[in-house]
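All remarks here apply to the structure that follows.
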Amino acid sequence: MIDAWELGLRLRERREQLGLTVSAAAKAIGTAQPNLSAIENGKRKITQRNLAGLVELFEMSEPEAAEFDRLRIGAEHRDWYHQYAGLFNDDFLRHLGLEHGASAIHAFESCFIPGILQTRDYAHALFRSGSPYVRLTEVEPRLEARMVRAARLDGAEPLSLFALLSEAALRQRIGGPEVMRAQLDHLAAAIGTRDNVDVRVLPFEAGAYPALGGAFYVMSFASPTLPAVVYQETLTYNTFIDQRHHVREYTVALAETTEQALDSADSLALIRSLSEGMK
């Protein structure tokens, strides 16, 4: 997904630099305008023939053409989340793809532990009691997908995760005290054993704060071509925001809210204290 997105953005940028419309470029290579638009938006893969046509039309150098073909080949690769295409809607699959390809995520959660940091039992409790649109037959595959996501925090190029959590997310007894205690211990272990995971807690005493409201995730990427994206999820729909000025507003709100949160050490101490007191 990331390679298809980057390839589409770079093709659109090159086309606009040459002053060509989508229709003109599509006609020149013998394809339909909607097809090229979908390719530029990263929603459709480009064929080798069509890419070769654009390379010639855009008068690309050999190194440029090789780089674009590398992205085309990368876009053909099916990552782990594609096996769940029949389970999740397109927006959530896009979220999984962006999360998988992101280099860093800055998250704010007011009610729940972020999915990538959830235990199996905690996630199971959410699916069974908090998601009315999840059928019983979907629970196990959804749990599998959620557990696979955690692997992104490890490996050769681990995801950098900063999570700002409301104290309410730590106190809400999802699944009961035993499940919640295990979740808090899991969260503490993730913080204590990974340099790439930083969790801050916004205590009740903080009062009102700029990020007050629904949860959101700001995802950024290693490639300078790819802009940061905000992802929001509610009970009935998912939203992506990629307009730079709106993403900036979320980034600023998160930064200003972080100033009202506990520091890393005090956040970890609170998480451990809440776990010990969970009865």
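The values are calculated or read from the model by the stated rules, or taken from the named source; none is laboratory data. Being a predicted model, the structure only gives us computed values, none of them experimental. We place every Cβ from the backbone using ideal geometry, glycine too, and count neighbours over all the protein chains shown. Please note that ligands, DNA and RNA were not included when accessible areas were found on the heavy atoms of the full protein model with its side chains. Shrake-Rupley method; radii C 1.70, N 1.55, O 1.52, S 1.80 Å.
Taking the convex hull of the alpha carbon positions in the stretch 65-171 and averaging its projected area over all directions gives 8.1 nm².
Using equal-weight Cα scatterers in the Debye expression, the normalised intensity of the stretch 107-160 in log10 at q = 0.14, 0.16, 0.28 Å⁻¹ is -0.41, -0.52, -1.15.
Qualifying GluC sites (Glu not before Pro) in the stretch 173-277, where qualification requires a DSSP coil assignment and no more than 11 other C-beta atoms within 10 Å, comprise E259. Taking only the C-alpha atoms of the stretch 195-247, Rg followed by Dmax gives 14.0, 41 Å. Using modelled amide H (1.01 Å from N, peptide plane; none on Pro or chain starts), what sits under 5 Å from the amide H of N196, excluding residues fewer than 5 places away? Counting only residues 5 or more places away or on other chains, the set is empty.
Phi angles of the stretch 44-55 translate, via the Karplus equation with coefficients 6.51, -1.76, 1.60 and θ = phi - 60°, into HN-Hα couplings of 9, 7, 9, 6, 4, 5, 5, 5, 4, x, 5, 4 Hz per residue; Gly and Pro are given as x. In plain terms, if you count all Cα to Cα distances in the stretch 160-279 and split them into 5 Å steps from zero, the share in each step is 2, 10, 18, 19, 20, 17, 9, 4, 1, 0 percent.
Quick check on the stretch 232-279: take the gyration tensor over C-alpha atoms, sort the square-rooted eigenvalues as a ≥ b ≥ c, and tell me if it's rounded (a/c under 1.5), prolate or oblate. Oblate, since a/c reaches 1.5 and b/c is not below a/b.
Computed over protein heavy atoms with a 1.4 Å probe, the carbon and sulfur contribution to the accessible area of the chain reaches 50%.
Our analysis of the stretch 1-131 gives Rg over Rh at 1.10, with the two radii drawn from alpha carbon positions and Rh computed by the Kirkwood formula.
Compared with the direct C-alpha span, the chain from T225 to R70 gains 54.3 nm at full extension, assuming 0.36 nm per residue.
Give, as a single signed number, the net charge of other residues whose beta carbon lies under 15 Å from the beta carbon of G213, with Lys and Arg counted +1 and Asp and Glu -1. Residues close to G213 contribute a combined charge of -4. Under the shape rule built on the C-alpha gyration tensor, where the axes satisfy a ≥ b ≥ c, the stretch 89-246 is rounded, since a/c falls short of 1.5. Distant-in-sequence amide contacts of F216, defined by a placed amide H-H separation under 5 Å and a gap of 5 or more residues or a different chain, comprise F108. Rounded to the nearest 5, the antiparallel percentage of DSSP beta bridges internal to the stretch 110-244 is 55%.
The overall shape of the stretch 153-212, judged from the alpha-carbon gyration tensor, is oblate: a/c is not under 1.5, and a/b is no greater than b/c. Using a cutoff of 8 angstrom between alpha carbon atoms and counting only pairs six or more residues apart, the relative contact order for the stretch 198-279 works out to 37 percent. Remark on the stretch 1-74: hydrodynamic radius 11.9 angstrom, per the Kirkwood mean of 1/r across alpha carbon pairs. Computed 3J(HN,Hα) for the stretch 86-96, one whole-Hz value per residue from the Karplus formula 6.51 cos²θ - 1.76 cosθ + 1.60 where θ = phi - 60°, is x, 9, 10, 6, 4, 5, 6, 4, 5, 4, 4, glycine and proline marked x.
For the residues P63, P141, P203, a GNM of the chain with alpha-carbon springs under 10 Å puts the largest fluctuation on P63.
Of all trypsin sites (Lys or Arg not before Pro) in the stretch 11-85, which ones are in loop regions per DSSP and have a Cβ with at most 10 other Cβ atoms within 10 Å? Of the trypsin sites (Lys or Arg not before Pro), the ones in loops of the stretch 11-85 whose Cβ has at most 10 other Cβ atoms within 10 Å are R78.
Relative to the current alpha-carbon distance between Q232 and E256, full extension at 0.36 nm per residue lengthens the span by 6.8 nm. Based on protein heavy atoms only, the chain ends up with 51 Å² per residue of surface accessible to a 1.4 Å probe. Beta bridges assigned by DSSP with both partners in the chain are antiparallel in approximately 50 percent of cases.
Pairs of Cα atoms under 8 Å, at least six residues apart: use those to get the relative contact order of the chain, whole percent.
19
The GluC sites (Glu not before Pro) of the stretch 33-134 that meet both conditions, a loop assignment by DSSP and at most 10 other Cβ atoms within 10 Å of the site Cβ, are E59. Annotation: Cα Rg of the chain relative to the compact-globule expectation 2.2 N^0.38 Å equals 1.14. Computed over the Cα atoms of the stretch 33-103, pair by distinct pair, the Kirkwood hydrodynamic radius stands at 13.8 angstrom. Distance between the 7 Å Cα→Cβ label points at N89 and L153: 2.8 nm.
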